[in-house]
1. Among the residues of the range 27-45, write down those that are assigned to a loop (DSSP other than H, G, I, E, B) and surrounded by 13 or more Cβ atoms within 10 Å (Cβ to Cβ).
2. One residue is enough: does the range 97-110 have a residue meeting the conditions loosely packed, with under 15 Cβ neighbours inside 10 Å and within 25 Å of Ser121 (Cα to Cα)?
3. Look through the range 1-26, keep the residues that are among the charged types (D, E, K, R) and part of a strand (DSSP E or B), and return whichever of them is nearest to Ala97 (Cα to Cα).
4. Can you tell me which residues in the range 46-57 are farther than 13 Å from Tyr94 by Cβ and surrounded by fewer than 23 Cβ atoms within 10 Å (Cβ to Cβ)?
Amino acid sequence: QVQLVESGGGLVQPGGSLRLSCAASESIISIYAMAWYRQAPGKQRELVAAMSNGGNTNYAESVKGRFTISRDNAKNTVFLQMNSLKPEDTAVYYCNANRIRTLASSPFGSWGQGTQVTVSS
């Protein structure tokens, strides 16, 4: 099972930007969906963005136009560029690797340990 390690979280002011990275322990070329989820205190985990190995994407409505997911298959890394951050983006962000051919929210696949993103002035 692929191991995932997230990095890049931190404290940022509203309107600021962060770039999250997710490093995989093995090649992700054959993994259909690489995705980012988030979970805020007292809330369910939600899909933020997903990208297929063919380049298709799926974004949560709340982040469209602000967040961009990308994957570097050669470096086995997935990124989440987050711009125009809002306090409601505060959550623990998790990376997910799923061989099931779906870009919708899924409980399956491998998960990282998460990285905290806090948006506050």
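The numbers here are math on the coordinates, done by the rules we state, and not lab data. Just so it is clear, the structure is predicted and the values come from calculations on it, not from any experiment. Cβ atoms come from the backbone with ideal geometry, glycine included; neighbour counts cover every protein chain shown.
1. Filtering the range 27-45 down to residues assigned to a loop (DSSP other than H, G, I, E, B) leaves 27-32, 40-45.
Ile28, Ile31, Tyr32, Ala40, Arg45 - these are the residues of the range 27-45 that are assigned to a loop (DSSP other than H, G, I, E, B) and surrounded by 13 or more Cβ atoms within 10 Å (Cβ to Cβ).
2. No, the range 97-110 contains no residue that is loosely packed, with under 15 Cβ neighbours inside 10 Å and within 25 Å of Ser121 (Cα to Cα).
3. Filtering the range 1-26 for residues that are among the charged types (D, E, K, R) and part of a strand (DSSP E or B), the one nearest to Ala97 (Cα to Cα) comes out as Glu6.
4. Once the filter is applied, which keeps residues that are farther than 13 Å from Tyr94 by Cβ and surrounded by fewer than 23 Cβ atoms within 10 Å (Cβ to Cβ), the range 46-57 yields Ser52, Asn53, Gly54, Gly55, Asn56, Thr57.
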